[in-house]
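The next block holds one structure in the form of structure tokens; read it before the comments.
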Amino acid sequence: MKTLFKLAFVSFVLLMLLTVAGSVLFWHGLHGVGPHDWQFHIDNDGWDHAGDLGDWIGGAIGAVIASLVCLVVVPLVLLLGVALPVLIVGGVMAALLAGTVAAVVGVGALLSSPLLILGLVLFFALRNRNRKVQA
């Protein structure tokens, strides 16, 4: 099983390196390969891969906000939206089960109370009183 995890890890690292190499080649080879009239347009505005400082700051702020949402908000939504109702339903079911068990035990004690009283009377009548004196 360890070799499976090693193989998966190595293939993951190789895939990441291949992705990085492909992005770098695409990024830098965009103007050198193929027709020279390739252009990216976003909202009728030409996109230059250099950008200015404001674009980088805006992108960094967006990345930080997206990271916080993925790392904080999504787990909290899953925890409060899925786990909490499951725990509440489980607690209610456990309380009902405990209540049912208590009711069955109570009814059993009520039905067998004549036998319990008879057993208690026999216990006190037949117990060895000399044991208290010896102790």
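Data table
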quantity: Some residue of segment 49-70 being over 30 Å from residue 27 (Cβ atoms), surrounded by 10 or more Cβ atoms within 10 Å (Cβ to Cβ) and at pLDDT 85 or above; calculated: no
quantity: Index of the failed condition, residue 128 passing every other in (1) modelled with pLDDT of 85 or more; (2) loosely packed, with under 10 Cβ neighbours inside 10 Å; calculated: (1)
quantity: In segment 19-46, residue modelled with the lowest pLDDT [restricted to those that are more than 40 Å from the chain's Cα centre (by Cα) and assigned to a strand (DSSP E or B)]; calculated: 40
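The values are calculated or read from the model by the stated rules, or taken from the named source; none is laboratory data. This is a predicted model, so every value here is computed, not measured. Note that we place each Cβ from the backbone using ideal geometry, even for glycine, and neighbour counts take in every protein chain shown.
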